[in-house]
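Below: the structure, in structure tokens.
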Amino acid sequence: MIESTHSLTAPRHVAIIMDGNGRWAEERRRPRLFGHKAGVDSVREIVETACEIGVNVLTLYAFSTENWNRPSTEVSGLMGLLQSYLQSELRTMLQNDIRLHCLGQPDRLPTEVRTVLLRTIEETRSCCGMTLNLALSYGGRGEIVEAMRVLARKCQEGGLDWQTLSEADVSEHLFTSGQPDPDLLIRTGGEHRLSNFLLWQASYAELYFTDIKWPDFRKEQFLEAVNSFQRRQRRFGKTGAQLQAE
Ligand code: FPP
């Protein structure tokens with residue numbers, strides 16, 4: 001059992017692709033939604049643990065723009081789980097000083113889900129312990145294109161000069177504006193790809209892949225991922241010797 005990592009610096013921002021719910025359920029000869037339900041228990045445990053070890057921002061990829069193409073029963077099942085999660089967690093979020101934020105297109109969500117989402121965001125607005133980003137109807141390329149549209153309009157209207165556009169300008173127009181970039185990006189479920197997740201923000205993230213499927217990814221496995229991150233040397237283009245000299 002990996003124990004608490006309090007004494008070492010926790011990653012400021014952890015982003016997670018929660019993959020493997022469907023296969024976890026299929027292995028048990030149960031419907032896919034059974035896996036997603038079990039996945040919600042992992043969500044609760046990981047949010048609590050991230051808070052406990054001092055993570056500032058936790059981003060969970062809960063529903064991608066591409067996920068709209070899944071069978072309608074699975075989509076509506078996921079939307080129902082999301083709604084009940086938000087309804088049941090508000091009190092815990094307030095108790096743990098967690099601020100909820102959405103990355104993506106809330107307008108595409110069913111009205112009841114959008115209503116509870118916006119209410120939870122509003123009610124946790126003044127929390128400042130940890131930010132929980134739920135990526136909902138989220139796609140990284142779409143996010144960048146939308147930022148480009150806004151930047152282009154500002155340039156056209158004279159508010160910005162295209163010749164001095166900077167990386168910071170782009171970052172400020174993403175859903176994660178004002179937040180640190182992810183330090184650690186975890187993907188469960190055995191696949192090794194980014195699936196259109198935080199394409200701009202993850203450029204210097206440490207990647208951690210595990211075969212463990214999301215419903216089995218709990219506190220112990222999360223701390224193991226954090227531990228692996230803490231053992232890595234992040235050089236940001238410099239040499240190891242340069243870093244030692246700093
Ligand atoms: C990917 O697993 C997972 C999803 C598309 C949804 C993740 C949703 C949850 C964990 C529950 C709801 C979320 C919250 C925040 C309450 P998959 O179904 O693609 O797995 P597979 O690759 O095994 O089919």
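Condition check: within 11 Å of the ligand (Cβ to nearest atom), small (Gly, Ala, Ser) and either at pLDDT 95 or above or surrounded by fewer than 17 Cβ atoms within 10 Å (Cβ to Cβ) (or both). Does GLY54 satisfy that? Spelling it out, it is not the case that GLY54 is within 11 Å of the ligand (Cβ to nearest atom), small (Gly, Ala, Ser) and either at pLDDT 95 or above or surrounded by fewer than 17 Cβ atoms within 10 Å (Cβ to Cβ) (or both).
Scanning the range 162-211 for residues that are free of Cβ contacts under 8 Å to residues at least 12 places away in the same chain, open to solvent by less than 70 Å² (accessible area, probe 1.4 Å) and assigned to a loop (DSSP other than H, G, I, E, B) yields SER166, SER177. Here ARG119 meets each of (1) open to solvent by less than 60 Å² (accessible area, probe 1.4 Å); (2) within 16 Å of the ligand (Cβ to nearest atom); (3) out of contact with any Phe, Trp or Tyr (no Cβ under 8 Å at 6 or more places or on another chain) with one exception, condition (1). Do we find that LEU8 is more than 11 Å from the ligand (Cβ to nearest atom) and not in a strand (DSSP E or B) in this structure? Taking the combined requirement at face value, the residue satisfies it. Pairs are defined by a Cβ separation below 8 Å, a sequence spacing of at least 6 or placement on different chains, a first member in the range 212-233 that is touching a residue at least 24 places away in the same chain (Cβ under 8 Å) and closer than 21 Å to GLN244 by Cβ, and a second member that is of a type in the set (A, V, I, L, M, F, W, C) and open to solvent by 60 Å² or more (accessible area, probe 1.4 Å); the pairs so defined are GLN230/LEU8. Is it the case that the range 59-74 has a residue that's within 10 Å of the ligand (Cβ to nearest atom), in contact (Cβ under 8 Å) with a residue 12 or more places away in the chain, touching a Leu at 6+ places or on another chain (Cβ under 8 Å) and open to solvent by 40 Å² or more (accessible area, probe 1.4 Å)? No - not one qualifying residue is present in the range 59-74. The single residue among ALA15, ALA10, ALA38 that is surrounded by fewer than 23 Cβ atoms within 10 Å (Cβ to Cβ) and at pLDDT 95 or above turns out to be ALA38. Would you check if there is a residue in the range 141-148 being open to solvent by 30 Å² or more (accessible area, probe 1.4 Å), touching a residue at least 12 places away in the same chain (Cβ under 8 Å), more than 20 Å from ALA205 (Cβ to Cβ) and basic (Lys, Arg)? Within the range 141-148, not a single residue is open to solvent by 30 Å² or more (accessible area, probe 1.4 Å), touching a residue at least 12 places away in the same chain (Cβ under 8 Å), more than 20 Å from ALA205 (Cβ to Cβ) and basic (Lys, Arg).
The values are calculated or read from the model by the stated rules, or taken from the named source; none is laboratory data. In this text the structure is predicted, and so the values were computed from the model without any measurement. Glycine also receives a Cβ, built like all others from the backbone with ideal geometry; neighbour counts cover every protein chain displayed. Just so you know, the surface numbers come from the protein's heavy atoms only, side chains and all, with ligands and any DNA or RNA stripped out. Shrake-Rupley method; radii C 1.70, N 1.55, O 1.52, S 1.80 Å.
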